[in-house]
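Read the structure below first, then the notes.
The values are calculated or read from the model by the stated rules, or taken from the named source; none is laboratory data. Nothing here was measured: the structure is a model prediction, and the numbers come from that model. Glycine also receives a Cβ, built like all others from the backbone with ideal geometry; neighbour counts cover every protein chain displayed.
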Amino acid sequence: MSNLEQALRELEVATVASAGITLEDREAARSILKQRTQAVAKLAGLTEILGNLPDAVREDALIRLESAVKAGEAARHRLLQLKRATIVEWGRWNHVHLALAPAESGKLDCRG
């Protein structure tokens with residue numbers, strides 16, 4: 001397997017894994033994103049090779065790269081949605097917490 005093929009496969013695998021990232025396992029998410037970053041860096045080091053490849057091989061590599069970019073963008077969009085949802089949920093719980101905090105005094109803030 002050529003260096004280009006190996007780097008493309010690593011990027012594709014890491015990109016697919018990034019689509020399944022959840023906020024529950026932060027270490028796994030960091031590991032997946034680190035793998036994808038390393039795969040991108042590896043491919044960046046091979047850009048000179050692309051110009052010297054036969055047209056069919058270069059076209060296949062470019063199609064695979066475009067696919068990985070689209071999948072990566074979809075994963076990024078999903079992560080942003082998760083982040084927004086987490087911030088909204090935290091805000092709600094923070095509001096509840098602040099409303100319940102004076103409960104020790106026997107009073108509850110129900111003003112909203």
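How many residues are loosely packed, with under 15 Cβ neighbours inside 10 Å and either touching a residue at least 60 places away in the same chain (Cβ under 8 Å) or assigned to a helix (DSSP H, G or I) (or both) if we restrict to the stretch 27-56?
Of the residues in the stretch 27-56, 16 are loosely packed, with under 15 Cβ neighbours inside 10 Å and either touching a residue at least 60 places away in the same chain (Cβ under 8 Å) or assigned to a helix (DSSP H, G or I) (or both).
Quick check: anything in the stretch 99-112 in a helix (DSSP H, G or I) and modelled with pLDDT of 90 or more?
Kept after step one, since they are in a helix (DSSP H, G or I), are these residues of the stretch 99-112: 99-105.
Those left that are additionally modelled with pLDDT of 90 or more: none.
No.
Of (1) free of Cβ contacts under 8 Å to residues at least 24 places away in the same chain; (2) charged (D, E, K, R); (3) in a helix (DSSP H, G or I), residue 24 satisfies all except one. Which?
(3)
Quick check, is residue 73 among the charged types (D, E, K, R), part of a helix (DSSP H, G or I) and over 18 Å from residue 13 (Cα atoms)? Don't jump to the end; show me each part of the working.
On the way: among the charged types (D, E, K, R): yes; part of a helix (DSSP H, G or I): yes; over 18 Å from residue 13 (Cα atoms): no.
Considered against the rule, which asks whether it is among the charged types (D, E, K, R), part of a helix (DSSP H, G or I) and over 18 Å from residue 13 (Cα atoms), residue 73 comes out as no.
Select from the stretch 58-70 the residues that are surrounded by 15 or more Cβ atoms within 10 Å (Cβ to Cβ) and either more than 16 Å from residue 10 (Cα to Cα) or of a type in the set (Ser, Thr, Tyr) (or both) and list them in ascending order.
Hit for the stretch 58-70 is 58, nothing else.
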